[in-house]
Amino acid sequence: MSNEPIVSLRNVTKRIGRATIIDNVSFDVPKGEIFGFLGPNGAGKTTTIRMMVGLMSITKGEISIKGKNVKNEFEQAIRHVGAIVENPEMYKFLSGYHNLIHYARMIPGITKERINEVVSLVKLENRIHDKVKKYSLGMRQRLGVAQALLHNPSLLILDEPTNGLDPAGIRELRDYLRYLTRTEGITVIVSSHLLSEMELMCDRVAVLNKGKLIDLKLIQDFIGSNNGAQTFLIEALPAEQALAAILGIEGVEDAKAAPEGLEVITERDRIPEIVAHLVRSNTQVYGVRARNQSLEDRFLEMTGGEQIG
Ligand SMILES: Nc1ncnc2c1ncn2[C@@H]1O[C@H](COP(=O)(O)OP(=O)(O)O)[C@@H](O)[C@H]1O
Ligand SMILES: [Mg+2]
């Protein structure tokens, strides 16, 4: 196996009329990754996905899937893709199973075995013979994924899959997407405007705002990236005495009492000196930890406080 990316976008631009909806976007997604596409409503996530799956033309630039160009090798490129772009159409009065049978008839070579396989991949075995109208939103979502997986794609694209799911449903989705990447080697692209969920689900996240790619990073780098001052939580007793001691230390930008301890804004390099000073001031230090900035905070910073839809 080569380490050729599963998906590659090169300088992709989409114009509709005079509006530039996607502006010169490039990124690669390697095999087995859960890749997040994050941005506020109207950022251009769906448009980009529609171009990837051939539902919309590409104004400029190239998109390839497993090395096949979506523009001029469309059939070969799309063969590798399973996608849910709009809400998947389901017959609510049919069982989940019959929905899959119905859909499988449209794809050559899908066996009953494959249907059973995708049902177990999304862990719907126990409910697959119930009518879809009795399904929870999470189960419908899973049935949609099962449908998208029928033809054995290497790439699964889900546009806003967490929309309307409750926290338990989101956790489930995350778990079985992980399971798919691990056991089937499938690559997954999910879009979302919900930052906290991307944080839980993805390996890497691309941030899109107003059609432009403004950042692309490993999820842990997003959260941890902070040169200069950051917030630490210091547990020391007595708290008031500790606070007074900390406020006098050079390099401490701010310190205040919080429920979990003292919130101290300083550079990481200053921590040993702060702890030493607390000890010298006869306070007892029970713990020091960095408080990670959430993805949400980072996102607001990057987009300049843009309203998140
Ligand atoms: N067919 C279209 N014609 C004109 N403008 C469109 C069309 N589709 C999307 N847009 C515009 O493109 C921008 C991006 O939309 P979209 O890709 O749906 O964003 P997202 O999925 O991130 O919410 C929006 O400003 C939207 O109004
Ligand atoms: Mg959208």
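Just a few scattered comments:
- Whole-Å distance, taken between Cα centres, linking region 107-139 and region 182-212: 25 Å
- Using the Cβ-Cβ distance between Glu250 and Ile214 with R0 set to 25 Å, the FRET efficiency works out to roughly 0.10.
- Which of Lys134, Lys71, Lys31 has the fewest Cβ neighbours within 10 Å, and the rest in rising order: Lys134, Lys71, Lys31
- In region 149-233, inverting the average of 1/r over every pair of distinct C-alpha atoms gives 14.5 Å as the Kirkwood radius.
- Here the label points at Thr59 and Arg280, each 7 Å from Cα along the C-beta direction, are separated by 6.2 nm in the simple model.
- Counted as membrane-span-like here are DSSP H helices of the chain whose alpha-carbon atoms extend 24 Å or more along the helix's own axis and whose Kyte-Doolittle mean is -1.0 or above; these are 167-184.
- Longest DSSP-loop-exposure-free segment, GluC sites (Glu not before Pro), the chain, at most 15 other Cβ within 10 Å: 126-249
- Residues Ile219, Ile34 arranged by fewest to most Cβ contacts within 10 Å: Ile219, Ile34
- With the Kirkwood sum run over all distinct C-alpha pairs, region 229-291 has a hydrodynamic radius of 11.0 Å.
- Summary of the geometry: region 61-90 and region 2-31, compared by the centres of their Cα atoms, lie 13 Å apart.
- Rg/Rh ratio calculated on Cα atoms of the chain (Kirkwood radius): 1.10
Read-outs: derived from the displayed coordinates by stated rules, not from any lab. Values in this document were obtained by computation on a predicted structure and should not be read as measured data. Glycine gets a Cβ as well: all are built from the backbone with ideal geometry, and neighbour counts include every protein chain shown.
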